[in-house]
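The values are calculated or read from the model by the stated rules, or taken from the named source; none is laboratory data. Quick caveat, the model's predicted, so the values are computed rather than measured. As a convention, Cβ positions derive from the backbone with ideal geometry for all residues, glycine included, and neighbour counts pool all protein chains shown.
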Amino acid sequence: QQTLKERLAELIPAEIENVKAVRAEHGKKSFGPVLVDQLYGGMRGLPALIWDGSVLDPDEGIRFRGKTIPEIQDLLPKAPGGSEPLPEGLFWLLVTGEVPTQAQVEALSKDWAARAAIPEFVEELLDRCPPTLHPMSQFSLAVTALNHDSTFAKAYQQGVSKKEYWGPAFEDCMDLIAKLPNIAGRIYRNVYGQGKVPAIDPTKDYSWNMANLLGFAEKNDFVELLRLYITIHSDHEGGNVSAHAGKLVGSALSDPFLAFAASLNGLAGPLHGLANQEVLLWLRKMQSKIGENATDEAVKEYVWSTLKNGQVVPGYGHAVLRKTDPRYSAQREFALKHLPNDPLFKLVAQVFNIVPGILLEAGKAKNPWPNVDAHSGVLLTHYGLDQMNFYTVLFGVSRAFGVAAQLIWDRALGAPLERPKSYSTDAIKKIFAGK
Ligand code: NMX
Ligand code: MLT
């Protein structure tokens with residue numbers, strides 16, 4: 001049976017030719033206008049990157065290698081007795097564009113389990129962090145430190161040829177994904193006083209091990225939730241802050257650990273991944289202000305007060321999406337199946353019925369609908385993982401799958417240093433003077 005690396009080695013030459021052909025035929029053609037507003041406006045909508053792993057349609061949401069979330073839930077291999085896709089399969093799909101067999105996915109689980117140990121000095125580094133240091137900062141610190149053993153950095157120092165970059169990048173990316181559960185588990189146990197991290201079980205899948213390191217493996221529904229969670233949070237095309245930060249830093253040939261640490265630092269922002277923490281904080285504040293089982297009127301008033309205080313409603317809006325995020329819908333389906341009577345889920349559903357109307361009435365947000373972060377916290381809380389400032393770490397573990405797949409392909413295709421041109425406001429005025 002072929003390994004992921006062997007399959008990738010077969011696919012790369014054809015893709016290099018494919019890109020060459022597209023560039024030869026279309027390379028000198030203009031690809032849409034650039035508006036001055038886009039220079040000032042966070043480059044929103046500016047075509048600027050290539051990534052084949054996933055594409056985001058504003059109305060339909062994400063497709064991973066052309067497949068919607070319900071399609072991957074149906075097509076990807078599952079754990080014995082499970083019904084959610086194994087993230088191992090999603091990684092294979094992101095990297096190759098192909099749906100793996102059950103055996104290929106099992107081999108990937110074993111490979112990652114074998115690579116999962118983290119160096120002792122990284123364990124000590126984490127153990128020395130004050131529990132008051134945000135889990136995302138600890139996460140980023142530990143991932144940066146993994147660069148100590150980077151195969152890519154070593155190969156580069158030894159003069160590896162450009163054509164061979166992808167091999168050592170692949171090894172680092174596999175190590176990166178494999179080691180994240182041990183890092184995340186250790187942070188969780190250190191910060192919240194949950195005792196010692198157990199050993200990885202090489203006979204179990206990645207999500208089971210992640211759940212076990214957090215102390216939740218005996219709850220089978222939680223393990224299933226993690227399988228779904230990691231799968232749907234893995235990738236969201238190339239332009240989101242974490243994916244783009246990783247690609248940018250990787251383009252300087254910083255190794256995948258350094259590149260992914262940059263992704264994590266972006267994910268730690270409240271407008272990006274930290275929104276999952278913010279949603280739970282916001283819901284809890286709402287409950288303490290207006291009580292549980294509050295009326296729609298009281299919820300409406302609370303939402304308006306958030307806006308009037310100049311704050312955003314966390315979990316709502318999106319830079320690209322213009323409809324309800326299918327990742328929100330997938331999590332809602334999970335909640336309807338496993339926790340329909342959970343009071344916090346009921347509040348999330350109540351908020352879903354109220355917030356879009358208010359955001360529309362307020363008239364500023366281009367997308368009034370919920371995104372992925374509006375729903376993830378309530379599911380984790382239901383199973384007892386209620387330490388909100390840990391939530392973005394789980395998003396980070398998941399996002400490694402997409403960033404890693406992209407870093408491997410960037411090195412395989414010889415992606416150049418990213419270096420766009422910046423302009424001064426004075427230059428803009430001069431360029432358009434007299435028009
Ligand atoms: N609540 C209140 N105001 C909002 C919201 C919201 N949820 N979403 C957008 N706006 C405002 C936004 O702040 C901006 O105001 P101003 O003109 O005063 O600067 C205006 O509406 C236009 O913003 P958009 O063009 O709709 O949104 P943009 O593309 O700039 O930003 C987000 C997208 C996701 C940053 C924004 O919708 C937001 O802040 N949402 C809340 C935070 C959140 O849920 N982030 C998680 C996104 C998903 N993820 O995991 O990364
Ligand atoms: C993501 O998953 O990265 C977020 O939805 C943000 C984005 O796509 O810009």
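Give the residues of segment 95-113 that are part of a helix (DSSP H, G or I) and not hydroxyl-bearing (Ser, Thr, Tyr), sorted by residue number. Matches in segment 95-113: Val95, Gln102, Ala103, Gln104, Val105, Glu106, Ala107, Leu108, Lys110, Asp111, Trp112, Ala113. A search for C-beta distances below 6 Å between a residue of segment 361-373 that is farther than 14 Å from Ala330 by Cβ and modelled with pLDDT of 95 or more and any residue that is among the small types (Gly, Ala, Ser) and within 12 Å of ligand 2 (Cβ to nearest atom), counting only pairs 6+ apart in sequence or on different chains, returns Ala365/Gly317; Asn367/Gly317.
Being under 17 Å from the mean Cα position of the chain (by Cα) and crowded, with 16+ Cβ neighbours inside 10 Å: is that true of Ala335 here? Against the criterion (under 17 Å from the mean Cα position of the chain (by Cα) and crowded, with 16+ Cβ neighbours inside 10 Å), Ala335 does not qualify. I'd like to check something: does segment 294-314 contain any residue that is among the acidic types (Asp, Glu), surrounded by fewer than 16 Cβ atoms within 10 Å (Cβ to Cβ) and modelled with pLDDT under 95? Within segment 294-314 (the criterion being among the acidic types (Asp, Glu), surrounded by fewer than 16 Cβ atoms within 10 Å (Cβ to Cβ) and modelled with pLDDT under 95), the answer is no, since none of the residues qualifies. Just so you know, in segment 126-146 the residues that are surrounded by fewer than 18 Cβ atoms within 10 Å (Cβ to Cβ) and part of a helix (DSSP H, G or I) include one that is farthest from the chain's Cα centre (by Cα), and it is Arg128.
Evaluating Arg44 against the criteria (1) more than 16 Å from ligand 1 (Cβ to nearest atom); (2) out of contact with any strand residue (DSSP E or B) (no Cβ under 8 Å at 6 or more places or on another chain); (3) basic (Lys, Arg) leaves one unmet condition, (1).
Determine whether segment 344-358 contains at least one residue that is over 23 Å from Asp296 (Cα atoms) and either surrounded by fewer than 20 Cβ atoms within 10 Å (Cβ to Cβ) or touching a His at 6+ places or on another chain (Cβ under 7 Å) (or both). Scanning segment 344-358 turns up no residue that is over 23 Å from Asp296 (Cα atoms) and either surrounded by fewer than 20 Cβ atoms within 10 Å (Cβ to Cβ) or touching a His at 6+ places or on another chain (Cβ under 7 Å) (or both). Checked against (1) among the polar types (S, T, N, Q); (2) touching an Asp or Glu at 6+ places or on another chain (Cβ under 8 Å); (3) closer than 22 Å to Pro416 by Cα, Asn276 meets all criteria but (3). If you go through segment 10-25 and keep only what is of a type in the set (A, V, I, L, M, F, W, C) and touching a helix residue (DSSP H, G or I) at 6+ places or on another chain (Cβ under 8 Å), you end up with Leu11, Ile12, Ile16. Against the test of being exposed (fewer than 12 other Cβ atoms within 10 Å of the Cβ), in contact (Cβ under 8 Å) with a residue 60 or more places away in the chain and over 19 Å from the mean Cα position of the chain (by Cα), the options Gly42, Gly32, Gly27 yield a single qualifying residue, Gly42.
Table: residues versus (1) among the acidic types (Asp, Glu); (2) crowded, with 23+ Cβ neighbours inside 10 Å; (3) within 13 Å of ligand 2 (Cβ to nearest atom).
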site: Asn209; (1), (2), (3): no, yes, no
site: Val223; (1), (2), (3): no, yes, no
site: His236; (1), (2), (3): no, yes, yes
site: His244; (1), (2), (3): no, no, yes
site: Asp255; (1), (2), (3): yes, yes, no
site: Leu258; (1), (2), (3): no, no, no
site: Leu271; (1), (2), (3): no, no, yes
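The set of residues from segment 332-381 being assigned to a helix (DSSP H, G or I), out of contact with any helix residue (DSSP H, G or I) (no Cβ under 8 Å at 6 or more places or on another chain) and more than 16 Å from ligand 1 (Cβ to nearest atom) comprises Glu333, Leu336, Lys337, Pro343, Lys346. With respect to Asp37, is the statement that it is free of Cβ contacts under 8 Å to residues at least 12 places away in the same chain and either within 25 Å of Thr324 (Cβ to Cβ) or crowded, with 17+ Cβ neighbours inside 10 Å (or both) true? For Asp37, the condition - free of Cβ contacts under 8 Å to residues at least 12 places away in the same chain and either within 25 Å of Thr324 (Cβ to Cβ) or crowded, with 17+ Cβ neighbours inside 10 Å (or both) - is not met.
The residue of segment 303-323 that is farthest from ligand 1 (Cβ to nearest atom), among those that are touching a residue at least 12 places away in the same chain (Cβ under 8 Å) and over 18 Å from the mean Cα position of the chain (by Cα), is Lys323. Residues in segment 114-124 that are part of a helix (DSSP H, G or I) and surrounded by fewer than 18 Cβ atoms within 10 Å (Cβ to Cβ): Ala114, Glu120, Phe121, Glu123, Glu124. Scanning segment 10-63 for residues that are within 20 Å of Ala404 (Cα to Cα), of a type in the set (D, E, K, R) and not in a helix (DSSP H, G or I) yields Asp52, Arg63. Please go through (1) within 12 Å of ligand 1 (Cβ to nearest atom); (2) in a loop (DSSP other than H, G, I, E, B); (3) not polar (S, T, N, Q) for Pro416 and return the number of the only condition it doesn't satisfy. If we test Pro416 against (1) within 12 Å of ligand 1 (Cβ to nearest atom); (2) in a loop (DSSP other than H, G, I, E, B); (3) not polar (S, T, N, Q), just (1) comes out false. Here Asn190 meets each of (1) within 22 Å of the chain's Cα centre (by Cα); (2) touching a residue at least 60 places away in the same chain (Cβ under 8 Å); (3) over 18 Å from Val249 (Cβ atoms) with one exception, condition (1). Return yes when Leu394 is within 15 Å of ligand 2 (Cβ to nearest atom), surrounded by 20 or more Cβ atoms within 10 Å (Cβ to Cβ) and within 24 Å of the chain's Cα centre (by Cα) and no when it is not. Yes: the conditions hold for Leu394. The listed residues are Ala262, Ala294, Ala298, and the only one of them that is assigned to a helix (DSSP H, G or I) and more than 16 Å from ligand 1 (Cβ to nearest atom) turns out to be Ala298.
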